[in-house]
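The values are calculated or read from the model by the stated rules, or taken from the named source; none is laboratory data. None of the values given here were measured: they were computed from a predicted structure. Ideal geometry is used to build each Cβ from the backbone, glycine not excepted, and the neighbour counts take in all protein chains shown. Accessible surface is based on the protein model in full, side chains and every heavy atom, while ligands, DNA and RNA are left aside. Shrake-Rupley method; radii C 1.70, N 1.55, O 1.52, S 1.80 Å.
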Amino acid sequence: MENQNYYDILGVSTKATQDAITAAKNTLAKQYHPDANIKNGIDTTDKMQEILEAYGVLSDAARRAEYDREISGRGQDMQTFDLKADDSGREQTQEDTFVTYWKAAGALYEIITESNELFRQKEETTRLAQLSMQALKYIIILKDAAIPEKYWHPDIMNWLLFTWYKNRNITITYLLTMYDEYVKKSVTPVEKLKLQGRSHRFRHSVRKLIKY
């Protein structure tokens with residue numbers, strides 16, 4: 001990222017609205033999600049990390065303002081965090097990181113996206129049954145971690161991931177409390193309604209698939 005800033009990574013202008021930033025992140029995430037590329041032998045993990053890091057800053061009004069001041073004054077070398085190693089360089093297993101739950105939520109989102117399309121087509125019953133079983137595996141992971149359904153949407157899980165990474169000793173319960181406080185204090189009423197709507201539709205789709 002030495003020659004790119006966060007706006008370049010997402011492909012938006014420095015004047016981009018929050019909706020434009022979110023749309024750009026969603027488009028890029030679908031293109032570079034590791035699970036979507038690994039079948040072709042392509043590792044897009046680093047690229048995905050860059051996208052999420054950029055979105056994590058630009059989607060937060062306070063962090064974006066601070067970042068804008070930094071890039072307009074002096075250049076600052078930004079580094080992508082490593083989801084596989086801690087600060088000491090020790091490789092972490094998925095079991096002891098929040099990444100496990102973030103990946104589970106991401107996989108569940110991909111499953112729901114496919115199932116929604118199949119439901120609209122009113123066919124592919126065998127595939128829907130397969131997706132239902134796959135979804136259940138990820139749901140169990142999230143429920144075992146005591147992460148309620150309302151937090152499972154990728155927009156929320158991305159925020160939780162970045163916040164967790166800054167202090168990997170915090171508990172899940174406290175992390176969720178931090179998110180609730182962030183929404184309460186920093187998210188506009190309009191954005192809050194949009195976020196709640198996306199989360200509600202996602203939860204509805206999850207329940208529909210599991211009941212299939």
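Quick notes on this structure:
- Condition met for Trp164 (part of a helix (DSSP H, G or I), under 23 Å from Glu53 (Cα atoms), among the aromatic types (Phe, Trp, Tyr) and touching a Gly at 6+ places or on another chain (Cβ under 8 Å)): no
- Some residue of the stretch 201-212 being farther than 30 Å from Gln130 by Cα and in a helix (DSSP H, G or I): no
- Scan of the stretch 121-143 for residues that are in a helix (DSSP H, G or I) and open to solvent by 80 Å² or more (accessible area, probe 1.4 Å), ordered by number: Gln121, Thr125, Thr126, Gln130, Met133, Lys137, Ile140, Lys143
- Scanning the stretch 86-107 for residues that are at pLDDT 85 or above and part of a loop (DSSP other than H, G, I, E, B) turns up at least one hit.
- Within the stretch 133-170, being of a type in the set (S, T, N, Q) and modelled with pLDDT of 90 or more holds for one residue alone: Gln134.
- Number of the condition not met by Leu175 [criteria: (1) loosely packed, with under 14 Cβ neighbours inside 10 Å; (2) within 19 Å of Val57 (Cβ to Cβ); (3) of a type outside the set (Val, Ile, Thr); (4) touching a residue at least 12 places away in the same chain (Cβ under 8 Å)]: (1)
- Criterion: open to solvent by less than 60 Å² (accessible area, probe 1.4 Å) and outside any loop (DSSP other than H, G, I, E, B) - qualifying residue of Ile156, Ile147, Ile170: Ile156
- Screening Lys39 with (1) modelled with pLDDT of 85 or more; (2) farther than 18 Å from Arg198 by Cβ gives one miss only, at (1).
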